[in-house]
């Protein structure tokens, strides 16, 4: 007999043998979880128009004979992915758009552009504002509230970083001459519209929206919602006023939403966003700002690695060209514009 005892005693340990462990029965008789996800080959593609309390409005069969708006939730596997206005979503389930129906977003198509902002310049956590826009319309008032060139600069930096073409609308031009403010943006390839009470250039602005997806941004109280309502009469965006004591506008647009603009020559998309008083740039790559100035970017190829291209940067090819008088007046103006935006990003 071994030290473990006789065979009968060994049999007493048999129930602890790993080969004879009994598995717990599955009371629900359902299949075990797997990391394999369904292919969703029946998914349809839709444009995300907006989100309200976890429910997404998705336009199905855009411009097709069966165009409709469905309500959808996000699939569990997308819980960590931001789904924003402008996204092209893969949708399954009941996409009829009938009352009481609910579909599910199971995927997001590759984005052509992403407009981001951060809480402040030190915050590396990006917040996606809108996807797939190709234009940004910055709305600023000539007065009431006073224009903030630095905030507009931040919008422009964010647009250039995203590869989005910027446009500028100056409202309330009847209250103050916008010319002094606009000198701040000389040298930048920026189309400017001016608007005043009774003289809103709806047709001119609208023509610039046709064939584009344009995100509207601006400080609270500058008249952005009024402009949106003029361009899209059935938008019914709430409008507010400026506080006489603080000079601040009241937030009237509480969510980002896509609205279809129908013009004389074609249609486009107006993406209205809530008014903000700050726009963090912690996520921006300065190289994207320089890339928007094609002719200056070519000169900057001779700059040393890590060059900031700011006016006090040593050995900067841009500054050397300017000092040597080899830049045209337009080139000098463009360089000043570039350096101002880079300084805005640098803080």
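Points to keep in mind about this one:
- If you go through the stretch 295-332 and keep only what is in a helix (DSSP H, G or I) and closer than 18 Å to residue 157 by Cβ, you end up with 296, 297, 300, 318.
- Conditions (1) assigned by TED's automatic domain parsing to the domain that holds residue 267; (2) at pLDDT below 95: number failed by residue 53: (1)
- Residue in the stretch 68-82 that is part of a loop (DSSP other than H, G, I, E, B), farther than 28 Å from residue 217 by Cα and either in the same structural domain as residue 125 (by TED's automatic domain parsing) or modelled with pLDDT of 60 or more (or both) present: yes
The values are calculated or read from the model by the stated rules, or taken from the named source; none is laboratory data. These numbers come from a predicted model, not from an experiment. All Cβ positions, glycine included, derive from the backbone under ideal geometry; neighbour counts span all protein chains shown.
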